[in-house]
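**Student:** Below you'll find the structure I mean.
The values are calculated or read from the model by the stated rules, or taken from the named source; none is laboratory data. The model shown is predicted, which means the values in this text are computed figures rather than measured ones. Cβ coordinates were reconstructed from backbone atoms using ideal geometry, including for glycine residues, and neighbour counts include every protein chain displayed.
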Amino acid sequence: MTNRIGQRFAELRGAGRKGLIPFVTAGDPHPDWTVALMHALVGAGADLLELGVPFSDPMADGPVIQRASERAIARGVGLRQVLAMVRAFREGDARTPVVLMGYLNPVEMYGYPRFLDDARAAGVDGVLLVDAPPEESGELAPGLAAHDIAQIVLVAPTTADERLLQSARAARGFLYYVSFAGITGADRLALDGVRERVERLQAAAGVPVAVGFGVKEPAQAAAIARFADAVVVGSALVERIADAADEAAACRAAVEFLQPLRKAIDAAD
């Protein structure tokens, strides 16, 4: 089976469209709502989904996602529960790619062979481990490749040019370019120099380039969509749904947040 990430980006290219990739933390605001939230995001225009695996020390994440992880962990959500959520999502959606985003420790604790088998069986299409770039992933990297699970590579403005090009060549699924140096959800987004770097990556990479970190508003999403292959939005969405009183309210808040971004991206020229 061809990886769903490649299929989806091929569809987007064929339609002349740019991708929208929302991030939510699995289990937040409530574990029972995550699958419904995932479906709601797809209905609102998401092309791929990033599902955060709760972790006690999310060093690359800002306070919004840190608190989301804490809430999910307090409700008993770990990697096993996250994979169960993906399996449940797949019962109603066999086409939308799902990428797990998180850190290496939960995968190591779960066990590489078991994780690879269970992730593949659940319907996971990609994994982005912030603290495990491909060259430092040891036995995990070939295991992911053998299970047709894309190892998504994360690069930043601080990444040295040589490593940037190495990462571009090593990327599978898509390449995630961080729009600025810092943590997720930081209160600024400046695109000076981002377009030039993204275009260099697009020329070097054999996969699409998605840009994220700091996207909060439709105008920002549209600006990125003019040069990137996809736009990633996380903290602003996580914050919007954090105080939802029930599943319906969480889904409604997610849809109301995402739809204007979808429209802005589609209207970008």
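Table: residues versus (1) β-branched (Val, Ile, Thr); (2) within 14 Å of Leu20 (Cβ to Cβ); (3) crowded, with 24+ Cβ neighbours inside 10 Å.
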position: Gln202; (1), (2), (3): no, no, no
position: Phe213; (1), (2), (3): no, no, yes
position: Pro218; (1), (2), (3): no, yes, no
position: Val233; (1), (2), (3): yes, yes, yes
position: Ala244; (1), (2), (3): no, no, no
position: Ala248; (1), (2), (3): no, no, no
position: Ala253; (1), (2), (3): no, no, no
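**Student:** Let me ask you something else. Mind checking which residues of region 88-104 are of a type in the set (A, V, I, L, M, F, W, C), in contact with a strand residue (DSSP E or B) (Cβ under 8 Å, 6 or more places away or on another chain) and either on the phi > 0 side of the Ramachandran plot or modelled with pLDDT of 95 or more (or both)?
**Tutor:** Phe89, Val98, Val99, Leu100, Met101
**Student:** Another one. (1) in a helix (DSSP H, G or I); (2) closer than 22 Å to Arg4 by Cβ; (3) small (Gly, Ala, Ser): which one isn't true of Gly45, the others all being true?
**Tutor:** That leaves (1) as the condition not met.
**Student:** Do you know which of the residues in region 1-37 that are assigned to a strand (DSSP E or B) and not aliphatic (A, V, I, L, M) is surrounded by the most Cβ atoms within 10 Å (Cβ to Cβ)?
**Tutor:** Among them, the one singled out is Thr25.
**Student:** In the list Ala249, Ala245, which residue meets the criterion of being out of contact with any helix residue (DSSP H, G or I) (no Cβ under 9 Å at 6 or more places or on another chain) and either farther than 29 Å from Leu164 by Cα or without any contact (Cβ under 8 Å) to a residue 24 or more places away in the chain (or both)?
**Tutor:** Ala245
**Student:** Inside region 210-267, counting only helices (runs of 4 or more DSSP H) that do not spill past its ends, which hold 1 or more residues that are among the small types (Gly, Ala, Ser) and farther than 22 Å from Glu199 by Cα?
**Tutor:** Here the list reads 235-241, 247-267.
**Student:** Among the candidates Val127, Val207, single out the residue that is part of a loop (DSSP other than H, G, I, E, B), under 26 Å from Ala46 (Cβ atoms), modelled with pLDDT of 85 or more and not basic (Lys, Arg).
**Tutor:** Val207
**Student:** Among the residues of region 237-269, write down those that are modelled with pLDDT under 95 and of a type in the set (A, V, I, L, M).
**Tutor:** Passing the criteria: only Ala268.
Here is a yes/no grid of residues against (1) at positive phi; (2) of a type in the set (D, E, K, R):
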{"position": "Pro106", "(1), (2)": "no, no"}
{"position": "Leu116", "(1), (2)": "no, no"}
{"position": "Arg120", "(1), (2)": "no, yes"}
{"position": "Gly123", "(1), (2)": "yes, no"}
{"position": "Val127", "(1), (2)": "no, no"}
{"position": "Ala132", "(1), (2)": "no, no"}
{"position": "Gly138", "(1), (2)": "yes, no"}
{"position": "Ala141", "(1), (2)": "no, no"}
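**Student:** Looking at Gly143, Gly92, which is the one that is in a helix (DSSP H, G or I), out of contact with any Ser or Thr (no Cβ under 7 Å at 6 or more places or on another chain) and without any contact (Cβ under 8 Å) to a residue 60 or more places away in the chain?
**Tutor:** Gly143
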